[in-house]
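> Just passing along the structure, written as structure tokens.
The values are calculated or read from the model by the stated rules, or taken from the named source; none is laboratory data. Worth saying up front: this structure is predicted, and the values here are computed from it rather than measured. Positions of Cβ are generated from backbone atoms using ideal geometry, with glycine treated the same way; all protein chains shown enter the neighbour counts.
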Amino acid sequence: MVTQLELDIYGYFRKMGRFLYDNTGGKSGQRRVLFFLSREGSMSQRELQSLLDVKSSSLSEMITKMENAGLIKKTRSKKDQRVILLSLSEKGKKEADRECEELDYITEHLFSCLTKQEEQDIYRFLEKLNTHWEQLKHDEVFHFVERER
């Protein structure tokens, strides 16, 4: 039986997710693409998909939009001409720098109410939940929920 406390925790997760979406730009997917390409230099779409843990179709759509906006460029790999590498354009590099600065500022303020110990405690709890939820991806209950949408 689900407890009121569990329902309240679930409600807080939903509220926090909505807050982050509404108040930190909404397009965190593009921000993450900029971050990884800035950090790694260039990589294939498959490598990026693995890092981001997103569906291929979602990433393809995002890459197309970012390429059309002049943030990303595609080049053929010198090692294997069949592989297309993604990297940041000059405009993309500037945007990545701006996004990283903004994210640092936002993150600092999001957690400013916590002590270092509280941050460590929350991190441990979230890490434990994340590990458990990764295992739940394979649970038949969640496959049923996905099919119902």
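> List pairs: first residue in the range 118-141 and more than 17 Å from TYR10 (Cα to Cα), second residue surrounded by 11 or more Cβ atoms within 10 Å (Cβ to Cβ) anywhere in the structure, Cβ distance under 8 angstrom, at least six positions apart or on different chains.
GLU119/PHE111
> Could you please give the count of residues in the range 14-45 that are farther than 23 Å from LEU71 by Cα and more than 16 Å from the chain's Cα centre (by Cα)?
Of the residues in the range 14-45, 2 are farther than 23 Å from LEU71 by Cα and more than 16 Å from the chain's Cα centre (by Cα).
> Another question, if that's okay. Restricting the search to the range 52-67, which residues are at pLDDT below 90 and surrounded by 15 or more Cβ atoms within 10 Å (Cβ to Cβ)?
Those that are at pLDDT below 90 and surrounded by 15 or more Cβ atoms within 10 Å (Cβ to Cβ): LEU52, VAL54.
> Taking only pairs six or more apart or across chains, which ones have beta-carbon atoms under 8 Å, a first residue in the range 54-83 that is farther than 15 Å from LEU34 by Cβ, and a second residue that is in a loop (DSSP other than H, G, I, E, B) and polar (S, T, N, Q)?
VAL83/SER77
> Continuing with this model, one more query. Going through the range 89-143 one residue at a time, which ones are touching a Ser or Thr at 6+ places or on another chain (Cβ under 8 Å) and in a loop (DSSP other than H, G, I, E, B)?
none
> If GLY17 satisfies all but one of (1) more than 27 Å from HIS109 (Cβ to Cβ); (2) modelled with pLDDT under 95, what's the number of the condition it fails?
So the condition that GLY17 fails would be (1).
> Can you tell me which condition GLU90 does not meet? The list is (1) exposed (fewer than 11 other Cβ atoms within 10 Å of the Cβ); (2) more than 25 Å from ARG46 (Cα to Cα); (3) modelled with pLDDT of 95 or more; (4) not aromatic (Phe, Trp, Tyr), and all the others hold.
All conditions are met except number (2).
> If a residue has to be of a type outside the set (Val, Ile, Thr), in contact with a helix residue (DSSP H, G or I) (Cβ under 7 Å, 6 or more places away or on another chain) and part of a helix (DSSP H, G or I) to count, how many in the range 45-75 make the cut?
Of the residues in that region, 9 qualify.
> Continuing with the same structure: Has the range 106-122 got any residue that is farther than 15 Å from ARG31 by Cα, β-branched (Val, Ile, Thr), surrounded by 11 or more Cβ atoms within 10 Å (Cβ to Cβ) and modelled with pLDDT of 95 or more?
For the range 106-122, residues farther than 15 Å from ARG31 by Cα, β-branched (Val, Ile, Thr), surrounded by 11 or more Cβ atoms within 10 Å (Cβ to Cβ) and modelled with pLDDT of 95 or more: present.
> Among the residues of the range 24-43, count how many are exposed (fewer than 15 other Cβ atoms within 10 Å of the Cβ) and either more than 20 Å from CYS100 (Cβ to Cβ) or among the aromatic types (Phe, Trp, Tyr) (or both).
0
> Here is a list of conditions, (1) loosely packed, with under 10 Cβ neighbours inside 10 Å; (2) within 19 Å of the chain's Cα centre (by Cα); (3) at pLDDT below 90; (4) not aromatic (Phe, Trp, Tyr), and ARG82 meets all of them except one; can you say which number that is?
Failed condition: (2).
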